[in-house]
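Student: Below you'll find the structure I mean.
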Amino acid sequence: VPLGAFPGFEYQQAECAFPLSECVVLYTDGVTEARSQDQLFGQQRLADVLAAHQHQPPQVLADQIRDAVLKFSGGPARDDVCVVAVRSAPMRG
């Protein structure tokens, strides 16, 4: 369910642990549904970008995804393109 789309909707909260140095990437449908003529950017192109830049810092990874989508579509996005990348790190203290 989209966040904020339905006033009063009760969202479930969950927690997920993932190993140190792993990266989680969240993205809107504007990434995979970006078009070039009659083709979608799609899951496979996204997976290819992720594989090519998996060891980069999160900001670089997110930028590479955005840049690949814009290059594929040949200009400004027609839909929202939002990418959030987060890499786990040891706690300091």
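Student: Taking the range 49-87 only, how many residues are acidic (Asp, Glu) and either touching a Pro at 6+ places or on another chain (Cβ under 6 Å) or under 15 Å from Cys23 (Cα atoms) (or both)?
Tutor: Going residue by residue through the range 49-87, those that are acidic (Asp, Glu) are 63, 67, 79-80.
Of the ones still in play, those that are also either touching a Pro at 6+ places or on another chain (Cβ under 6 Å) or under 15 Å from Cys23 (Cα atoms) (or both) are 63.
Qualifying residue count for the region: 1.
Student: Considering only the range 52-90, how many residues are out of contact with any Ser or Thr (no Cβ under 8 Å at 6 or more places or on another chain), closer than 20 Å to Ser36 by Cβ and part of a helix (DSSP H, G or I)?
Tutor: Going through the range 52-90 one residue at a time, the tally reaches 10.
Student: Something else now. Taking the range 1-42 as the search range and keeping residues that are outside any loop (DSSP other than H, G, I, E, B), touching a residue at least 40 places away in the same chain (Cβ under 8 Å) and in contact with a strand residue (DSSP E or B) (Cβ under 8 Å, 6 or more places away or on another chain), which one is surrounded by the most Cβ atoms within 10 Å (Cβ to Cβ)? Outline the logic, then answer.
Tutor: Let us first name the residues in the range 1-42 that are outside any loop (DSSP other than H, G, I, E, B), namely 23-27, 29-32, 35-36, 39-40, 42.
Those still in the list that are touching a residue at least 40 places away in the same chain (Cβ under 8 Å) too: 23-27, 29-31, 35.
In the following step, the residues that additionally are in contact with a strand residue (DSSP E or B) (Cβ under 8 Å, 6 or more places away or on another chain) were identified as 23-27, 31.
Numbers: Cys23: 18, Val24: 12, Val25: 18, Leu26: 11, Tyr27: 18, Val31: 25.
Only one residue tops the list, namely Val31.
Student: As an exercise: evaluate Gly8 against (1) touching a Leu at 6+ places or on another chain (Cβ under 9 Å); (2) on the phi > 0 side of the Ramachandran plot and give the number of the one condition it does not meet.
Tutor: For Gly8, the exception is condition (1).
Student: If Ala52 meets every condition in (1) surrounded by fewer than 14 Cβ atoms within 10 Å (Cβ to Cβ); (2) at pLDDT below 95; (3) in contact with a helix residue (DSSP H, G or I) (Cβ under 9 Å, 6 or more places away or on another chain) apart from one, which number is that one?
Tutor: Failed condition: (2).
Student: Report every pair of residues separated by at least 6 positions or lying on different chains whose Cβ atoms are under 7 Å apart, first residue within the range 47-63 and free of Cβ contacts under 8 Å to residues at least 24 places away in the same chain, second of a type in the set (Gly, Ala, Ser) and part of a helix (DSSP H, G or I).
Tutor: Note: pairs meeting the criteria are Val49/Ala68.
The values are calculated or read from the model by the stated rules, or taken from the named source; none is laboratory data. All values derive from a computational prediction rather than experimental measurement. Positions of Cβ are generated from backbone atoms using ideal geometry, with glycine treated the same way; all protein chains shown enter the neighbour counts.
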